[in-house]
1. Tell me whether the stretch B:88-108 contains one or more residues that are among the small types (Gly, Ala, Ser), touching a Phe, Trp or Tyr at 6+ places or on another chain (Cβ under 8 Å) and assigned to a helix (DSSP H, G or I).
2. What number of residues within the stretch B:178-190 satisfy the criterion of being touching a residue at least 12 places away in the same chain (Cβ under 8 Å) and in a helix (DSSP H, G or I)?
3. Keeping to the stretch C:99-127, report how many residues are surrounded by fewer than 22 Cβ atoms within 10 Å (Cβ to Cβ) and either within 14 Å of chain B (Cβ to nearest Cβ) or under 17 Å from residue B:60 (Cβ atoms) (or both).
4. Would you mind stating whether residue A:159 is in contact with a helix residue (DSSP H, G or I) (Cβ under 8 Å, 6 or more places away or on another chain), in contact (Cβ under 8 Å) with a residue 24 or more places away in the chain, of a type in the set (A, V, I, L, M, F, W, C) and under 30 Å from residue A:41 (Cα atoms)?
5. Return yes or no: is residue A:50 at the interface with another protein chain (Cβ under 10 Å from one of its Cβ atoms) and surrounded by fewer than 24 Cβ atoms within 10 Å (Cβ to Cβ)?
6. For the stretch B:154-198, how many residues meet the condition of being touching an Asp or Glu at 6+ places or on another chain (Cβ under 7 Å), among the hydrophobic types (A, V, I, L, M, F, W, C) and more than 15 Å from residue B:119 (Cα to Cα)?
7. Say whether the condition of being free of Cβ contacts under 8 Å to residues at least 40 places away in the same chain and assigned to a helix (DSSP H, G or I) is met by at least one residue in the stretch A:110-125.
Amino acid sequence: MALPLNPLLDERMIRDLLVVVDLAGTFVFAISGAMLGVRRKLDFFGVMALSFAASSAGGIARDLLIGSVPPAAISDWRYFTVAMAAGLSIFFWYSPISRQRTAILVFDAAGLALFAVAGAEKALAFGLNPLTAALLGMLTGIGGGITRDLLVARTPAVLRDDLYAVAALAGALLVVTGHLLDWQVLPTAIAAALLCFGLRLAAIRRGWRLPVARSAEEDKEDV
Amino acid sequence: MALPLNPLLDERMIRDLLVVVDLAGTFVFAISGAMLGVRRKLDFFGVMALSFAASSAGGIARDLLIGSVPPAAISDWRYFTVAMAAGLSIFFWYSPISRQRTAILVFDAAGLALFAVAGAEKALAFGLNPLTAALLGMLTGIGGGITRDLLVARTPAVLRDDLYAVAALAGALLVVTGHLLDWQVLPTAIAAALLCFGLRLAAIRRGWRLPVARSAEEDKEDV
Amino acid sequence: MALPLNPLLDERMIRDLLVVVDLAGTFVFAISGAMLGVRRKLDFFGVMALSFAASSAGGIARDLLIGSVPPAAISDWRYFTVAMAAGLSIFFWYSPISRQRTAILVFDAAGLALFAVAGAEKALAFGLNPLTAALLGMLTGIGGGITRDLLVARTPAVLRDDLYAVAALAGALLVVTGHLLDWQVLPTAIAAALLCFGLRLAAIRRGWRLPVARSAEEDKEDV
């Protein structure tokens, strides 16, 4: 990693920052999981389980894939506590919170940016190659939402929706590019998070979507 | 671990006991998987696959998360054999077995208790912290049922149903509490299994359920 | 492993062969994933994600279970590149390709054979016992298709369809048998792949199916 000024200070600061960023992302994603749980009329445990899954499945998948076990999301009690706090908030104050549609979208975009950057940084720190690190950053960002959707048996929104995964990938790619070109870590991470966050918000506001392929024969069963 | 009398004897005995308990739990959960497979008209392989998934996915998830690879469920042929035996029984004698509704519920509760206790013990033995060990005990108990339900594309029953996960969590928490307070391992494990088993049966008989949150806007799509 | 002639040459050749075989299997499975994605009207990212999942989930599951992290499918850029190439082909030329129904079935059978053999070989090379190695070979073959189907929230075809998993299991079992009896590795692998490929094609042509169990009470909910 590029640590040109004061390696030790920089490294410790980055680790602390990663934790704060991770916990903030954990909270907003847990909110999205809990809201889906309430809408699907899951019981108290179901809402809590979706909170935890939405907030932690991406990071757990990343940690399993890079061999960092037990994953931080289950070995560090702070992640669990934050996810439960988010789940409880939604369980008791669903209506007032769910009316804040814009706020929720903005927070979700922030969570995506935070997780994509933190995921790519951690993969690089574990010595993975740049392409893999970028993909794992994206997976960290979108894995929670995919698991959340699968748990209520629906096709994950990220596979059919507007620019979501692409924003995460863009942020993760900037982190990796900075790593390859020996840029300073902290400014690169901030720029990458802003890139992902901005792309995601622009996609929401302007209705940017990825193209869909044309298929002559629709609704047929697969091979 | 608390081994106040004869450490070696106690440790070996506990390990043997864990295996017996695990195999018994494997059998009853495989039964539940196979029954769902038959009901959904899966073919012979599908029924066997659901037997194996229902009986082993919880333990496999736990073993992956604590870094115990290859997981016992696939490296120890006894688990596979027991799951296949249960699947074959159901495939050939579905009707007579499925009429034993009460017996099946009682056995399932027993499996839940056995897995929750064994899962928490194994997580503690791998040096995980108490909170994580309790959660992994619960996951070991409910993971098989979640995977079984996801494989037939339905929302896992444990997320919407009566006191199921909570019973597993209660048992796992008692194991962890005993560990923290240096109680003897075997009596604690038995008490924990009975607690989980009793809670689950009481929940079935009395229709205990967890609360569901009120949501003003229903059936809307998520963020 | 049985290396009776020239161990070093044989070992290197086998490793190279495994990679070629793996990449070919990756391509055909990615095609099947991308086609399902187009049919379900997923966007560009969704199609690419299904390509990758269908081609790599089986190998990733195997690698996680045997403790080979990071899994080859994400640490070796060639797998990712091949999966993306397949996804792009389908995204832009869906109609002409999808009309080649027979070709697709044949290629899919080839992919199944290649993955089942390569999966069993890798599990043996990691020192797993023969039963586990055979099951992991099967899982490598069918895991991608299962993940592909779960991502669009449908029951995996392999659980209800014709002889698919059984063909993979037969190939993997032959690899393991050869290992136990000290047969030469390469001829055994070829024979095993042909066995799986032939079984699968015969099952398609003759409509071979596995039996389905009779259930008196249908469409009831599970325990």
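1. No; the residues of the stretch B:88-108 include none that is among the small types (Gly, Ala, Ser), touching a Phe, Trp or Tyr at 6+ places or on another chain (Cβ under 8 Å) and assigned to a helix (DSSP H, G or I).
2. Final tally of qualifying residues: 7.
3. Number satisfying all stated conditions: 3.
4. Answer is no for this residue.
5. Criteria not met by residue A:50.
6. 1
7. Looking through the stretch A:110-125, none of the residues is free of Cβ contacts under 8 Å to residues at least 40 places away in the same chain and assigned to a helix (DSSP H, G or I).
Residues are listed down the side, and each one gets a yes or a no for (1) crowded, with 24+ Cβ neighbours inside 10 Å; (2) closer than 11 Å to residue C:86 by Cβ:
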{"residue": "C:17", "(1), (2)": "no, no"}
{"residue": "C:27", "(1), (2)": "no, yes"}
{"residue": "C:41", "(1), (2)": "no, no"}
{"residue": "C:55", "(1), (2)": "yes, yes"}
{"residue": "C:60", "(1), (2)": "yes, no"}
{"residue": "C:73", "(1), (2)": "yes, no"}
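The values are calculated or read from the model by the stated rules, or taken from the named source; none is laboratory data. No experiment lies behind these values; they were computed from the predicted model shown. Glycine gets a Cβ as well: all are built from the backbone with ideal geometry, and neighbour counts include every protein chain shown.
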